[in-house]
Amino acid sequence: MASNLLKPSVPDSRLQEGFTDMQGATRRCVIVSGGTFSPVSGISEGDFIIACDSGYAHCAHLGVKPDLLISDFDSYDGSVAPDIAVDRHIPEKDDTDTMLAVRYAIEQGFSEILLCCALGGRLDHLLANLQTMIYARRKGLRVSLLSEDTEIYALHSETLAIPRREGWSLSLFAMDGPCRGVTIRGAYYPLDHAELLPSFPLGVSNRWAAEKALVSVEEGILMVILSSLQREEPVHSISEASSPGGDPHGHTI
């Protein structure tokens, strides 16, 4: 693939705007990607917001104003407000727009990244966003991905406390290699210093057995995925699982 050949379309001083209070402070970078739109709550006034390509349009629906737009403009061709800094790239580049945003957050010294609108759409982009989360966690940043019905957290040599959620599942996945010392407390299927592998989904579809679940990992990047089960309805017959017209013979399982 070609390397990025274009310079940012705004001066460095413009891209640096808003970071003068970073000394000794901890700030979060919210990255709005160009996946399927999903409402997200919890974006704070002090967050630095980066829109990625069509994520610029998602920002309007979220009711937030991006501080920076990073884009190769292959999925967004609308206008951009004149007071929004733009880091323009060519489509023929090594990094996705979301990865460029994560690299920028790392360079600027943020300690936490929140990804929004980063699920749905193309499967390859979804997987790329998950890999981008791993990259950010390897660089020492706390990183999460939130949507209306899914929450994803990347853990590395740490423990995450997750309050009980009725109607949600709790799943664990080893992502970039074996995860060792995986322990789950307060869940229906506990683990005690287990090893999870990327090639076997042992940690899928757990649930809470207490008011709080504790998930910890000693080695490797462990991805914790919380999924809403409200949209999942059991299928009791072939006609329910077939086309909208149903099974003409009315066969049941």
- Along each of the three principal axes of the Cα atoms of the stretch 104-200, give the extent in whole Å, ordering the values from largest to smallest. 38, 28, 27
- Task: Go through 176-185, 37-46 and give me the packing order, highest mean Cβ count within 10 Å leading.
- Result: 176-185, 37-46
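Summing +1 for each Lys or Arg and -1 for each Asp or Glu, what net charge is found among the other residues whose Cβ lies under 11 Å from the Cβ of Y153?
0
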- Query: Within a Cβ distance under 10 Å of A210, other residues only, what is the Lys/Arg minus Asp/Glu net charge?
  - Reply: +2
- Note on the structure: For S54, other-chain or 5+-apart residues with amide H closer than 5 Å (H placed, Pro excluded) are S75, Y76
- Nonlocal amide H pairs with Y189, under 5 Å, H built at 1.01 Å: R207
- Message: How much of the pair distance distribution for the stretch 149-231 lies past 19 Å, counting alpha-carbon pairs only, in percent?
- Response: 27
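Each reported figure results from applying straightforward, stated rules to the coordinates on display, with no laboratory input. The structure presented is a predicted model; accordingly, all values stated were derived computationally and were not measured. Reconstructed Cβ throughout: ideal geometry from the backbone, glycine too, with neighbour counts over all protein chains shown.
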